[in-house]
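Structure, as structure tokens:
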Amino acid sequence: MPADESYTQVTLLFPSIASLSAFKNECACADFYIDRDALSLVGSFQQGQIDIAVEKYRARFIAINA
């Protein structure tokens, strides 16, 4: 992913804890909060990371302050 790509504040909702963990490890996310009860990550992600979460891990996303 390009270094100059901007970040978007989102909540990513995952279908399982396994998919959440796999995404977190694959994308080396730095600025996020994990809510294990809700199976979600809340934080700043690049569009490419959001695409991976949605396409590969079947996550849904909600933009924050869009």
For this session: Quick one: in the stretch 19-47, of everything that is under 10 Å from the mean Cα position of the chain (by Cα) and part of a helix (DSSP H, G or I), which residue is surrounded by the most Cβ atoms within 10 Å (Cβ to Cβ)?
Result: LEU20
For this session: Among the residues of the stretch 35-48, write down those that are over 10 Å from ALA59 (Cβ atoms) and either hydroxyl-bearing (Ser, Thr, Tyr) or touching a helix residue (DSSP H, G or I) at 6+ places or on another chain (Cβ under 7 Å) (or both).
Result: ARG36, SER44
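Taken together, the values in this text are just the output of simple stated rules run on the coordinates, not laboratory data. Since we're looking at a predicted model, the values are computed, not measured. All Cβ positions, even for glycine, are placed from backbone atoms using ideal geometry, and neighbour counts span all protein chains on display.
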